[in-house]
Amino acid sequence: MRLRLTVSVLVTLLAVVAAGTATAQERFGGIAGVVTDSSQAPVPGATITATNKQTGAQKVAVTGTDGMYRISDLDPGRYTVTVELQGFQKVQADDVLVLLGKTADFPASLKVGGVTEVVTVTSDTKTQVDIHSTTVAHNVTAEELDRMPKTRSFQGVALTSPGVNQGEIEGGFQVNGASGAENSFTVDGVNTNSLIYGSSRQDTVFEYLQEVQVKTGGIQAEYGGALGGVISAVTKSGGNRFSGEGHYYFSGNTISASPVQRLQLSPIDDTTVLNVQDKKQDNNRNEVGGSLGGPILRDKLFFFASVSPRFIDRTNNYLFSNGTEPGSIPQSQTATQSFGKVTYSSRRMTANGSILYTPVRSTGTLSAYDGTGPNFISSSLAGNAAQIPSAIVCDLGLPGMEGGHFIQWVKRQPKLSRVPVIVVTGVADVGSRLEVYPDRILSKPVSPEDLEVALRSVMKSGK
C-alpha cells in the first residue's frame, strides 16, 4: 500500500492594520477624491466616513486645505460613503465598490444647507477606473465569481485577463510572454509561490474568496521578481448578518471528452512520430462542501468558516509490455480545503486571524502511457506492482507458505475480496477466472474462495 499525505497549512495570525499603514500588502483597496463647494473651491475640514455594508466597519478621513482626502486599507467590497461639514448638506453614496489593489475615485460637491439635509448620489461602479495608479489590472469580485464559468482554483481566473495564456509546455500561466515561473501569487498578502518551480503551491477554492486581481502591466517595484503577472486573492470575512452556502460539483469521464492525441516517437527508427489516441479512462471527481459567516459581537467581532473536500477516483486500464499484458491501476485521492477566519474591526484598527488547511491523501500512482498503441505502456505489469495500492505479494517458496499453511494464511487475510492485486510466484493455468504465472500480477479483485481453489490447483499440480 502506498500512502501519500501532503499537508499544506497557510496561517495568517493577527494581521493588525492601523489606519496609516502603507498598502504594500496586496489585500486592500481605497477611496480618494476632492471635496468642493458649489463654486468648485476646495472645502477643508469635511469628514468622510466609509462604512462596509457587510461588516459595518467604518473608516474616517478629513479633507486637507486642498479639499483632498484618501481612505486606505479598506477590505474589498461595497461601502456607504458620507461627506459632512457644518453649514453644508450631507452627501451620501450608498454603493461605492472598492476593488482589491485599486483606489476608487469619489469626488463630492457640497451645497449650503443643514447637515440634516441629505443629497444622495450614485456611484458609477461599472466603469470604475483607478486614476491614482498606472498599473494595468483586472479584478473579479465575488459576485462575478458566482456567475462565471471557471475552474476550481483561483489561479484559473488569470485566464480571463488580456495577455494571459496557459500551457503545459509553457510551465503554467504566461503573462505577456513571460514564463510561468515569473509570476507572483498571494493569498491575503501572503506569498504562495513555490521556491523550486515558481508556480503557486496553494490552491484556493472560490467559496471563501472575496476577490481576485490579476496585474499584467505597470507592476510596482514592491512586487520584485514578478516579471510576468501578479495574481492576488483576498478571503471573505463574516459580517453583521449570518450568511452561508452549500455546494456540490461533479466532473468525470461520463461528461468529458476523449483524451488529446498523444505524440509518440517510434522505437523502431527513433524518427517516425506517431499520433496515438488512448481510450477514455474512469476519472470521477465529487466535491461537496459549504461555508458560513456571521457576527460574534455585532459591529466588532466576526467569523467565517468554509470546508470543501474533493473525492477523486481514477482507474487506468493498461496494455503493459507494449500491448501484451492487460491490467489496471486504481487511484483514490481526497483533497480537503478547510478555511477559518476571525475578524476584529473598529474605526482605528482591523485585525484578522485566519488558517487554511489543505491536506491531500492519496493511494495508488498512475503511470503515463508511453507505448506505440492505444493504452500501451512499455513497462511490465510486474514492474508497476509498487504503484498499485493494497497489493499482497505471495511467494510459494517462502517458509510456512507451502501446502495447507498457505491456504490458512489466505483465509485469515481481512477483506481479501477488496484487494485489487495479487502477485503469486508459481507456474500454472487454472482456468479463465484466475491465472497464475511467474511474477504475473492479477489486476482484478478475487474472492477468498476463488483464490483458494486456484492455489490448491497450483499446489496439487506439483509445479
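The values are calculated or read from the model by the stated rules, or taken from the named source; none is laboratory data. All figures in this text were calculated on a predicted structure; none of them were measured in a lab. Cβ sites come from the backbone with ideal geometry, for glycine too, and all protein chains shown count toward neighbours.
Within region 63-83, how many residues are free of Cβ contacts under 8 Å to residues at least 60 places away in the same chain, buried (at least 16 other Cβ atoms within 10 Å of the Cβ) and touching a Gly at 6+ places or on another chain (Cβ under 7 Å)?
Matching residues across region 63-83 total 5.
Please work out if Asn375 is outside the structural domain of Phe304 (by TED's automatic domain parsing), among the polar types (S, T, N, Q) and surrounded by 15 or more Cβ atoms within 10 Å (Cβ to Cβ).
Yes.
Of the numbered conditions (1) loosely packed, with under 11 Cβ neighbours inside 10 Å; (2) in contact with a strand residue (DSSP E or B) (Cβ under 6 Å, 6 or more places away or on another chain); (3) modelled with pLDDT of 85 or more, Gly218 satisfies every one except a single condition; which is it?
Of the numbered conditions (1) loosely packed, with under 11 Cβ neighbours inside 10 Å; (2) in contact with a strand residue (DSSP E or B) (Cβ under 6 Å, 6 or more places away or on another chain); (3) modelled with pLDDT of 85 or more, the odd one out for Gly218 is (3).
Would it be correct to say that Val60 is within 42 Å of the chain's Cα centre (by Cα) and free of Cβ contacts under 8 Å to residues at least 40 places away in the same chain?
For Val60, the condition - within 42 Å of the chain's Cα centre (by Cα) and free of Cβ contacts under 8 Å to residues at least 40 places away in the same chain - is not met.
In the set Gly239, Gly252, which member is crowded, with 16+ Cβ neighbours inside 10 Å, of a type outside the set (Phe, Trp, Tyr) and farther than 28 Å from Ala178 by Cβ?
Gly239
Take Ile312 and tell me if it is in the same structural domain as Gly239 (by TED's automatic domain parsing), of a type in the set (Val, Ile, Thr) and either within 16 Å of Asn375 (Cα to Cα) or buried (at least 18 other Cβ atoms within 10 Å of the Cβ) (or both).
yes
Rundown of residues vs (1) out of contact with any His (no Cβ under 9 Å at 6 or more places or on another chain); (2) under 30 Å from Leu297 (Cβ atoms); (3) acidic (Asp, Glu); (4) without any contact (Cβ under 8 Å) to a residue 60 or more places away in the chain, yes/no style:
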site	(1), (2), (3), (4)
Gly244	yes, yes, no, yes
Tyr248	yes, no, no, yes
Leu265	yes, no, no, yes
Val273	yes, no, no, yes
Gln277	yes, no, no, no
Asp282	yes, no, yes, yes
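Just give me the residues in region 280-299 being basic (Lys, Arg) and either exposed (fewer than 11 other Cβ atoms within 10 Å of the Cβ) or part of a strand (DSSP E or B) (or both), in sequence order.
Arg285
Name every residue in region 300-334 that is outside any strand (DSSP E or B) and in contact with a strand residue (DSSP E or B) (Cβ under 8 Å, 6 or more places away or on another chain), in order of residue number.
Lys300, Phe320, Asn322, Gly323
Within region 257-279, count every residue that is loosely packed, with under 11 Cβ neighbours inside 10 Å and touching a strand residue (DSSP E or B) at 6+ places or on another chain (Cβ under 7 Å).
Qualifying residue count, region 257-279: 3.
I'm told Ala386 meets every condition in (1) at pLDDT 80 or above; (2) out of contact with any strand residue (DSSP E or B) (no Cβ under 8 Å at 6 or more places or on another chain); (3) hydrophobic (A, V, I, L, M, F, W, C) except one. Can you identify the failing condition by its number?
Ala386 satisfies all of (1) at pLDDT 80 or above; (2) out of contact with any strand residue (DSSP E or B) (no Cβ under 8 Å at 6 or more places or on another chain); (3) hydrophobic (A, V, I, L, M, F, W, C) except (1).
Give region 369-387 a look and list any residue that's small (Gly, Ala, Ser) and within 17 Å of Pro267 (Cα to Cα), or say none.
Correct list: Gly371, Gly373, Ser378, Ser379, Ser380.
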